[in-house]
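Step one of this worksheet: look at the structure below.
The values are calculated or read from the model by the stated rules, or taken from the named source; none is laboratory data. Just so you know, these numbers come straight off a predicted model, no measurement behind them. Cβ placement follows ideal geometry from the backbone for every residue including glycine, while neighbour counts extend to all protein chains displayed. We work out accessible area using only protein heavy atoms, side chains counted, and drop any ligands, DNA or RNA first. Shrake-Rupley method; radii C 1.70, N 1.55, O 1.52, S 1.80 Å.
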Amino acid sequence: MSKAKPFIKWVGGKNQLLGQLEEYYPQELKKGAIKNYIEPFVGGGALFFALSQKIKIENAYLSDLNKDLILTYQVVQKRPADMLDFLEQYQKEYDATAQDKRNDLFLSVRQHFNLQRFEVNYKKMSDNWVSRAAQFIFLNKTCFNGLFRLNARGEFNVPYGKYKTAAICDEQNIMAVSKTLKNAEIVQADYTSCWDKINENSFVYFDPPYRPISATASFTTYTGTVFRDKEQIELASFFKKLDREKGAKLMLSNSDPTNENVNDTFFETAYLGYNIFKVSANRAVNCNGEKRGKISELLITNYRYEPRTLAFNFINK
Ligand SMILES: C[S@@+](CC[C@H](N)C(=O)[O-])C[C@H]1O[C@@H](n2cnc3c(N)ncnc32)[C@H](O)[C@@H]1O
């Protein structure tokens with residue numbers, strides 16, 4: 001089984017929730033009967049990598065709207081060793097640079113990354129992709145909180161994170177990730193593109209940008225596009241259509257608006273007739289993210305929760 005872990009930090013990453021989410025996986029997945037895995041908002045892919053450590057996923061379809069994220073996944077999949085050459089250089093340079101000079105190093109990589117976007121043909125893999133993927137990982141590991149944010153001109157503008165140490169080049173994990181991604185289909189696309197990949201033998205995990213839990217919270221933009229109530233409702237319609245027409249097992253995460261307002265029934269209405277569970281997460285609880293605490297998050301499924309099958313019982317382990 002795979003030993004791969006997420007190779008980037010990503011806002012909304014599900015690492016800390018994995019133990020709880022596992023409980024709610026469909027029985028067929030726990031028994032190893034489902035082998036198609038679809039994750040249309042893949043981000044850091046915490047669930048995909050955790051699942052790969054437990055079952056043999058035969059077909060994986062991983063997609064996200066973020067062009068540079070998907071470019072990086074594709075390079076990790078196809079040219080990991082070439083990318084590691086760049087990362088090794090970055091690691092040496094970062095370690096050898098005095099703390100008070102690291103911001104300059106960060107800014108020069110960031111500037112290069114922003115300029116290079118005009119030269120990249122996102123449709124066809126090239127050497128440009130390899131250096132760009134390495135820059136993406138460098139910036140992800142050294143910027144403030146691993147954020148990915150673009151300004152109105154499409155420039156990455158997250159500041160340096162002032163880390164004493166940064167694990168920029170993790171060769172062992174990148175090679176394990178590459179192996180785990182070997183047969184995966186990795187696509188830059190809107191989530192609706194997964195439709196044709198789904199059948200009754202699929203497990204689909206949706207982890208869209210969360211609905212902000214307070215009216216004052218800023219919208220998280222990962223790509224320059226926003227995900228407001230209108231988009232949340234369109235996603236709910238897509239979920240219901242999949243349920244009716246494909247017979248796949250569907251699981252979806254989102255924020256729980258009742259953390260802020262007990263009368264907010266947005267998701268109960270949008271997912272009427274489906275199972276809605278609450279799991280507990282450590283998240284920023286105010287809009288500037290300064291205060292952290294336990295809040296609940298929602299997990300929505302189109303299949304029953306079967307507590308008898310709490311433990312994984314994989315036949316193909
Ligand atoms: C909450 S994050 C996913 C976190 C991920 N599950 C993890 O563990 O790291 C949401 C992702 O959705 C992507 N996204 C936003 N709008 C999208 C859309 N319309 N279609 C596909 N992906 C989208 C963002 O780029 C972001 O990576």
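Key figures
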quantity: Residues located in the stretch 130-168, provided they are within 13 Å of Met83 (Cβ to Cβ), over 17 Å from the mean Cα position of the chain (by Cα) and open to solvent by less than 10 Å² (accessible area, probe 1.4 Å); calculated: Val130, Arg132, Ala134, Gln135, Phe138, Ile168
quantity: The stretch 238-277, subset assigned to a loop (DSSP other than H, G, I, E, B) and either charged (D, E, K, R) or in contact with a strand residue (DSSP E or B) (Cβ under 8 Å, 6 or more places away or on another chain) (or both), residue nearest to Gly13 (Cα to Cα); calculated: Asp256
quantity: Condition met for Phe148 (of a type in the set (Phe, Trp, Tyr) and in contact with an Asp or Glu (Cβ under 7 Å, 6 or more places away or on another chain)); calculated: no
quantity: Qualifying positions in the stretch 12-49 - near the ligand (Cβ under 9 Å from one of its atoms) and open to solvent by 50 Å² or more (accessible area, probe 1.4 Å); calculated: Asn15
quantity: Within the stretch 50-69, tally of residues that are part of a helix (DSSP H, G or I) and near the ligand (Cβ under 9 Å from one of its atoms); calculated: 1
quantity: Residues (part of a strand (DSSP E or B), surrounded by fewer than 18 Cβ atoms within 10 Å (Cβ to Cβ) and modelled with pLDDT of 80 or more) located in the stretch 283-308; calculated: Lys294, Ser296
